[in-house]
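The values are calculated or read from the model by the stated rules, or taken from the named source; none is laboratory data. Source: prediction; values computed, not measured. Cβ coordinates were reconstructed from backbone atoms using ideal geometry, including for glycine residues, and neighbour counts include every protein chain displayed. Just so you know, the surface numbers come from the protein's heavy atoms only, side chains and all, with ligands and any DNA or RNA stripped out. Shrake-Rupley method; radii C 1.70, N 1.55, O 1.52, S 1.80 Å.
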Amino acid sequence: MRIVLCLIVLLSFKAFSQVDTASRIVKVQSIDAVRVSIPMLRIRIELPEEAMLDRGQIQLLEPTDVGDLVQKVSGANLKSYGGLGGLKTVSMRGLGSQHTAVSVDGFTQQSYQTGQVNLGQIQTDNIEGIGVVSFRAPTKRGFLPVSALIKGSALSISTFENSFSEDSLSIRAKLGYGSFNQMDSYGAIKLGREKFFVSAFGKYRQMDGDYDYQFLNGNQLEDGVRSNNNYQDYYWGTSGGVRVGQRSEIRVGIKQQNVDQQLPGAVILYNNTADESLTTNDTRIFIDWKSADRLNKYGHRIYGSVNRNKMRYLDPTYFNSEGKIDRTYQNDVANLGVSGRFNYMIPANITYGFEQSVAQLTTSDSLFGAPTRLHSMGILGVSKRYSRWGEFYVNVSGQYILDQTEDNTREFVGVNPMVSYQSREFGKKFFRHTLWYNNSFRMPSFNEMYYNQIGNADLNPERANQFNYQLSFIPSEKKKFITVRMNAYFNRVQDKIVAIPTQNLFVWSIQNVGKVDIYGADANISFYKNWGNKWSVLFLTNYTFQHAIDVTDPESITYGDQIAYIPKHSGNFDVNVTYKKSGMKISNFASSKRYALNQNIEMNEVPGFVVSDIAIYHRFGKQDYDWKQRLKVQFTVKNILNSSYAYVRSFVMPGRNYLMTLSYEFK
């Protein structure tokens, strides 16, 4: 039992393991459905990827959105342009945000127009688990879509409403109220048995963004109030699934999201006239089918989705002949793919996948070249496990892209290899080594190639080479559990896409002029201990070092300087103490100084910061694992030190604020 337990923890520990403090459940993620029980401890393995955070940790953090969760991961760098609903993007290990795919329930969230996914608009109430997939061995990837696997990294999210469960009726509801008139409501119901499920869900949230802030103007600290920052959105959908026989299942669903937000812009002294707004309507329909044989010798997944994203940008006081800017954009994407694995009658595991996407952008902007993109992707891999040495994995992915506008047609072809090795566990501390190399590229977005006077239709894809070494081990697993994971990596980005001002700050030039070297290291440590049936404590900490430098031109003034908005040092330290059904959570996130531009001079510095949150909570209901219904009350103080900080210069974040939530679950 000791060996099995340690092996499971080690296999599962990528960033965090999590304790459900009320039921004394430590949840870690792996691909196999295994449950191990020892006194006061149960381990459940649920997700097909290495976990970053599970549901228990998400509930304790009470995050505003997925962006708040991602900043808890080592190697992740968050760019946030405001509070609730504001644009939030993430870059993993120094690569740009467009090198990271976002997959929800096995369907990639794509924006061919901007190339980015706004993590600030992905809700967290329904998330069962969220994981970062960067090591692509078949045992770690499950049936992720090909469009996620060919990226530099992938953020994989599993939700409550689109998954099978053992419960015939599950209900979740949440009400929240906080500072700045923040109101949050969520409800979901799922019916089903082992063979089927059907769910319906909805969420509404709003916030008046008129929070106080302080802004450092030279050596003087100026006070102000954020304006033109109101936000509201609603999100609803339904999904269902049925299992056919013992090894096949079908899922289908629809999701709808509407967002109405004001755009506050940067905080600039003596200029408080921002009045722009953005309205977004997003509809997504998806379906997939999975099948596997009884002996698990092969498995296949066929998936498809259709997405329509409408945006309206309004600037009612713009100085032009019309006296305003009122533009609409419609981005339609159709996607179809297949992925699978088999090892029938052969001494190795074969993985494969093919995906086809068609994207079209139509707009009322006469200066935007309305493009259509045909994107074909494929991947083929071979893995072999040796009892003495471990597992070797090699894959090759290929992409073909055809872009067409009224005036231009371009083709892109790319072939990208990946190779990895993961050792077996050895020694009393159960050490495991992992080595991998991955080559990937990302296509320029429609905006980068075709938008007004800015776009450059001759852009080449941005290419990245990644090298990584990981060491995982368990220093202790008797009276207390400690797990450690450390990474060292080097990335080189070629044909980096950069924006250079030409005539003025509105007319820019988009060019392939950059090369970037990224040297990095990160470490994760988790510690858990309980005392009898009453007290328990959990520590989670991580640290990231990233030295991302411009190596484009030795004669350039930015040669050898840190890339804009990538801090050299960042990390977090969380502690959770529980007594019976009550608990307290303290969360701390720190970031060193960054630079607003690639030239590392004092005037471009963005100060570092430390943000601390504290939460207290109490659960009403049974404390054991087999509870039927539970009510939880939580009070959270965010930014308890009232720090004045910004991820992006002049886009200030809220000071001290509060949130009270009431959550209910039935199963």
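Roll a 1.4 angstrom probe over the protein heavy atoms and tell me the percent of accessible area of region 144-206 that is carbon or sulfur.
61 percent
Quick check on region 94-201: take the gyration tensor over C-alpha atoms, sort the square-rooted eigenvalues as a ≥ b ≥ c, and tell me if it's rounded (a/c under 1.5), prolate or oblate.
Oblate is the answer for region 94-201, as a/c is 1.5 or above yet b/c matches or exceeds a/b.
What does the accessible area of I616 come to, in Å² to the nearest 10, when a probe of 1.4 Å is used?
Ignoring ligands and nucleic acids, I616 comes out at about 90 Å².
Using only protein heavy atoms and a 1.4 Å probe, report how much of V132 is accessible, in Å² to the nearest 10.
V132 has an accessible surface of roughly 20 Å² with all protein chains in place.
Show E249, E602, E355 ordered by accessible area, largest first, where the area counts protein heavy atoms only and the probe is 1.4 Å.
Largest to smallest exposure gives the sequence E602, E249, E355.
Rolling a 1.4 angstrom probe over the protein chains, ignoring ligands and nucleic acids, what is the accessible area of H375 in square angstrom, nearest 10?
Probe radius 1.4 Å; accessible area of H375 about 20 Å².
Provide I557, I346, I268 ordered by accessible surface of protein heavy atoms (probe 1.4 Å), highest first.
I557, I268, I346
Please list, by residue number, every one of the trypsin sites (Lys or Arg not before Pro) in region 153-246 that is coil in DSSP and has at most 16 other beta-carbon atoms within 10 Å.
K195
What's the longest bit of the chain with no exposed chymotrypsin sites (Phe, Trp or Tyr not before Pro), using DSSP loop states and at most 11 other Cβ atoms within 10 Å as the test?
Within the chain, the longest run free of exposed chymotrypsin sites (Phe, Trp or Tyr not before Pro) spans 1-269.
Between region 588-667 and region 155-212, what's the alpha-carbon centroid distance in Å?
That distance is 20 Å.
Leaving out ligands, DNA and RNA, what percent of the accessible area of region 502-590 is carbon and sulfur, probe 1.4 Å?
64 percent
Only helical DSSP H runs with n ≥ 4 go in: add -39500 (n - 2.57) per run for the chain, normalise by residue count and round the 222 nm mean residue ellipticity to 500 deg cm²/dmol.
For the chain, the value works out to -1000 deg cm²/dmol.
From the Cα gyration tensor of region 293-348, with a ≥ b ≥ c the square roots of its eigenvalues, which class applies: rounded if a/c is under 1.5, or else prolate if a/b is larger than b/c, or else oblate?
Prolate.
Using a simple charge model, +1 on the beta-carbon of Lys and Arg, -1 on the beta-carbon of Asp and Glu, nothing else, what dipole does the chain show about its Cα centre, in debye to the nearest 20?
Dipole about the Cα centre, nearest 20: 3820 debye.
What accessible area per residue, rounded to a whole number of Å², is obtained for the chain using a probe radius of 1.4 Å?
43 Å²
Might you report the magnitude of the Cβ-based charge dipole of region 290-347 about its Cα centre, with Lys and Arg at +1 and Asp and Glu at -1, to the nearest 20 debye?
That gives a dipole near 440 debye.
Would you mind telling me the share, in percent, of accessible area of region 367-437 contributed by carbon and sulfur at probe 1.4 angstrom?
Taking all protein chains in place, region 367-437 shows 61 percent carbon and sulfur surface.
First check a/c for the chain, with a ≥ b ≥ c the square roots of the eigenvalues of its C-alpha gyration tensor; if it is under 1.5, answer rounded, and if not, answer prolate when a/b is larger than b/c or oblate otherwise.
It comes out rounded by the Cα gyration axes.
So what's the net charge close to S97: Lys and Arg +1, Asp and Glu -1, counting the other residues with Cβ under 10 Å from its Cβ?
+3
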